[in-house]
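For reference, the structure discussed in these notes is given below.
Every number in this text was worked out from the coordinates using simple rules, so none of it is lab data. Worth saying up front: this structure is predicted, and the values here are computed from it rather than measured. Cβ sites come from the backbone with ideal geometry, for glycine too, and all protein chains shown count toward neighbours.
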Amino acid sequence: MGVKFKIIITALMVIGFAAGFCNALYPQITAYDIERIHIFFFNLCCGGTIILHYTQATNKTCYKTGAFFLLSVVFSVTAFLNLYIISIIILLILAFITETVRIKKFSFFPFQFFQSNVPTAKKIHQASLLCLSIGLILSVLAIINQQYYQIINSNKA
């Protein structure tokens, strides 16, 4: 990962950190849930990008990692602005990118989880990619449920 990309990731983390405090410091801002930006920037944009970069094991940022990063930032903004159709499409693309990287590094089915000779670090690495993919797909389902069908009613308290 180049120095410029590290600076961009760090800046995004700082913005996400600051966004986490916005609702507490500025409660009069109620049109949007600014804390969402905190979660998206920290976990999806930075965390997901770093996992993909580590998986691809190169010093330079691969096009898939760069695409994931840019699309995750776009997703964060579209979800923040309640543009859900665009958000769903982006989430599906992010899941596809994650799965292509995971399958190339490991395999479609996580056989290594059940092999005692595979180091635990490799199992955790693959699990992190699986969790990212599953989380992206579950996010699509949650958005569809919450915004369009309400199959499962999840009223916030």
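Residue pairs whose Cβ atoms lie under 7 Å apart, separated by 6 or more positions or on different chains, with the first residue in the range 60-71 and in contact (Cβ under 8 Å) with a residue 60 or more places away in the chain and the second surrounded by 15 or more Cβ atoms within 10 Å (Cβ to Cβ) and aromatic (F, W, Y), are T61/F5.
Look at T55 and say whether it is assigned to a helix (DSSP H, G or I), surrounded by fewer than 14 Cβ atoms within 10 Å (Cβ to Cβ), touching a residue at least 12 places away in the same chain (Cβ under 8 Å) and not charged (D, E, K, R). Working first, answer last.
Numbers: assigned to a helix (DSSP H, G or I): yes; surrounded by fewer than 14 Cβ atoms within 10 Å (Cβ to Cβ): no; touching a residue at least 12 places away in the same chain (Cβ under 8 Å): yes; not charged (D, E, K, R): yes.
Judged against the criteria, T55 is not a match.
Checking every residue in the range 135-156 against the condition of being in contact with a Gly (Cβ under 7 Å, 6 or more places away or on another chain) and either surrounded by 13 or more Cβ atoms within 10 Å (Cβ to Cβ) or charged (D, E, K, R) (or both) gives zero matches.
Filter the range 1-12 down to residues that are in a helix (DSSP H, G or I) and surrounded by fewer than 16 Cβ atoms within 10 Å (Cβ to Cβ), then give me how many there are. Outline the logic, then answer.
Going residue by residue through the range 1-12, those that are in a helix (DSSP H, G or I) are 3-12.
Within this subset, residues satisfying the condition of being surrounded by fewer than 16 Cβ atoms within 10 Å (Cβ to Cβ) are 3-4, 6-7, 10-11.
Matching residues across the range 1-12 total 6.
Sort out which residues of the range 1-48 are over 14 Å from A79 (Cα atoms) and among the β-branched types (V, I, T), and write them in order of number. Talk me through it step by step, then tell me what you get.
Here is the first cut: in the range 1-48, the residues over 14 Å from A79 (Cα atoms) are 1-30, 42-43, 46-48.
The answer is V3, I7, I8, I9, T10, V14, I15, I29, T30.
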